[in-house]
């Protein structure tokens, strides 16, 4: 260790992993449905894509977690984005769609309407 | 990038209740489900709530599983890690809420009132991975000190913070450092006292096991402040996990160049070595500890000269306790005003207590100075179990005294505890209920100090033994009122004439029980009665004829045949034959047997 900059580099790299462990006061929760139906429909790559993408962009205020079946199994994988009282439900998600939700919704604040349950329910 | 972190306590308490096996099963199950790239298993230090161990915490949900058994692991992996359904039956019950989330630990009574500074990384990071320590701002304080501050500035900050030694005596840390800094020498030393010896105290052990790097970093900071290039950690060999993790930490710090030569390119050199103690209580005394590091028999030396002038190898030395070191980095990073704002006016910061004895939540708690004993016992500790009432708390182990129920609202800090005849000590806190005999407790601690007296000075070597003899006389029913006076007089003699703190404080358990529970001593000598029913020689078992149904169960279980009586008739105990083992009382289904 020859400089503080070296220490900072290690810290920044290690932080993403340890940061997950704090009791986060995150204001946004991303919940991926991970019951049997969700997993069968491919929820795990979706969950992992969210985790990777959120970490890659260093988003601090977002907690990615899993949840059970919410009862709309035909639309799995289902992802809910919860911001305070507001809940957006995305359905039939894929890893690619997850990346776009992170970019458009979580970073830029515009809901990806075409992936939501409203757009897919017809 | 892992989506989930599973933290399993690897502290001594949980390890002894099988947490290693749990980690092993966890890894197997995670592999079987193909989750090894998604879920990270980390062995951490102590979470503090040892009564509910083994403990496992799953993030990001923050699910706090308690009393986990290896056989519970498949369910946790399958349900929680794979399917996202928290296994409610295994949660610490206070954190259970109705939806699929859990209550924050900070909202529970055990953690809610705590303020974790010294323990902040215990149960959070993997102690065997330096990167995780760096991730939580580890070695930032050392970097700041070496690149931005002069040694004098470091000492000024420590002085301004008001930090006092957490080993027991409460000497101001900054002042100690300034003495050593002022003395000129070709070599100086920084030592860490990790020879935690009080029965029931395990806070230093938990810090070493859960956050070993903080000790290394703080010692290096002190080395810079006083001009030392060598540090020693004196740790007892009975702490194998702590020794192992310290050595791993030292090796990792070397690899990163955070110990060794030219740290941060500033030309500052500092190295640390471990020295294992064989477990003698006296080696926790600073001069005896240094004598032991030198390779000699661990015996104290007369002071002065104080270690700041002539310590280890006759060179200026500072010695601080593990918990003290754990505060140093935070003071550097957050500033002395921040630290001073916590706690009371003359005792800044927090104190860790190892809560044990007759209390629901046995474990480690860290509270701001000035917290009352009532808050610790009744709120954080969950109160005295089994319907008994609180009688006293013993603080400071064999060097300390007891705090009776009448003083429960005293704000705990160094000075207030001394004023009521107890002392902070290293932070062991043993809770006693109404089934505890205070004379017996004093005797227990004297037995300990008689064993542990090193024998160098007469007052301690002979005095502790005479004190124990008088206590034995009293508890066996042969004491007189004069014995109590003699006991008290001898206590003061020991305090004034012993060479080191071991002898000077050995009478404290006697003096403080005499102060608050003199009536119990008097009952032992005048009425030949032990009010708590503990001292065997003074206790007789008897059967209440009104309650006895004559079931003969007690008679059949008495190992010496002291109970007689015919079926369906009240039985009687022959007190001459009775050995007071208590077997009959345990067996009786009608509560007919009592002792007095």
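Read-outs throughout are calculated quantities, based only on the coordinates presented, and are distinct from any laboratory measurement. None of the values given here were measured: they were computed from a predicted structure. For neighbour counting, all protein chains shown are included, and Cβ atoms are generated from backbone atoms with ideal geometry for every residue, glycine included.
In plain terms, the residue of B:149, A:63 with the fewest other Cβ atoms within 10 Å comes first and the most crowded comes last, giving B:149, A:63. Comparing Cα centroids, the range B:479-531 and the range B:325-361 end up 33 angstrom apart. Give, as ranges by residue number, the residues of the range A:29-49 whose backbone N falls under 16 Å from the point 7 Å along Cα→Cβ of residue B:78. Residues A:35-37 fall inside that zone. Dividing the summed helix terms, -39500 (n - 2.57) for each DSSP H run of n ≥ 4, by the number of residues in chain A produces a 222 nm estimate of -10500 deg cm²/dmol to the nearest 500. Relative to the longest principal axis of the Cα atoms of chain B, the long axis of helix B:438-452 lies at roughly 50 degrees.
Inter-chain neighbour count for A:65-72: the average number of beta-carbon atoms from partner chains within 10 Å of each residue's beta-carbon is 5. Averaging Cα coordinates gives a centre for the range B:539-596 and one for the range A:29-72; these two points are 65 Å apart. Counting, for every residue in A:34-44, the Cβ atoms of other protein chains within 10 Å of its Cβ and taking the mean gives 2. Any idea what angle helix A:4-19 forms with the longest principal axis of chain A, computed on alpha-carbon atoms, 0 to 90 degrees, nearest 10? Once rounded, the angle reads 30 degrees.
Every helix of 4 or more DSSP H residues in chain B counts as -39500 (n - 2.57), and over all residues that averages to -10500 deg cm²/dmol at 222 nm.
Please state the shape class of the range B:130-339: rounded when a/c is under 1.5, otherwise prolate if a/b exceeds b/c and oblate if not, all from the C-alpha gyration tensor. It comes out rounded by the Cα gyration axes. Between the helical axis of A:43-56 and the longest alpha-carbon principal axis of chain A there is an angle of about 30 degrees. In chain B, Cα pairs under 8 Å separated by at least six residues give a relative contact order of 11 percent. Packing, as the average of other Cβ atoms within 10 Å across residues, places the peptides B:504-510, A:12-18 in the order B:504-510, A:12-18, highest first.
With a 10 Å cut-off around each Cβ of B:559-565, the average count of Cβ atoms from other chains is 0. Legend: ranking of residues B:409, B:198 from fewest to most surrounding C-beta atoms inside 10 Å; resulting order B:409, B:198. Extending 7 Å from the Cα toward the beta-carbon at both residue B:153 and residue A:26 defines two label points whose distance is 3.8 nm. Modelled this way, with points 7 Å down the Cα-to-C-beta line, the labels at residue A:60 and residue B:97 are 2.4 nm from one another.
Each of the peptides B:240-247, B:313-320 was scored by the mean count of other Cβ atoms within 10 Å over its residues; in descending order, highest first, they stand as B:313-320, B:240-247.
Residues B:369, B:203, B:408, ranked from the fewest to the most other C-beta atoms within 10 Å, line up as B:408, B:369, B:203. Summary of the geometry: the range B:250-269 and the range B:146-185, compared by the centres of their Cα atoms, lie 22 Å apart.
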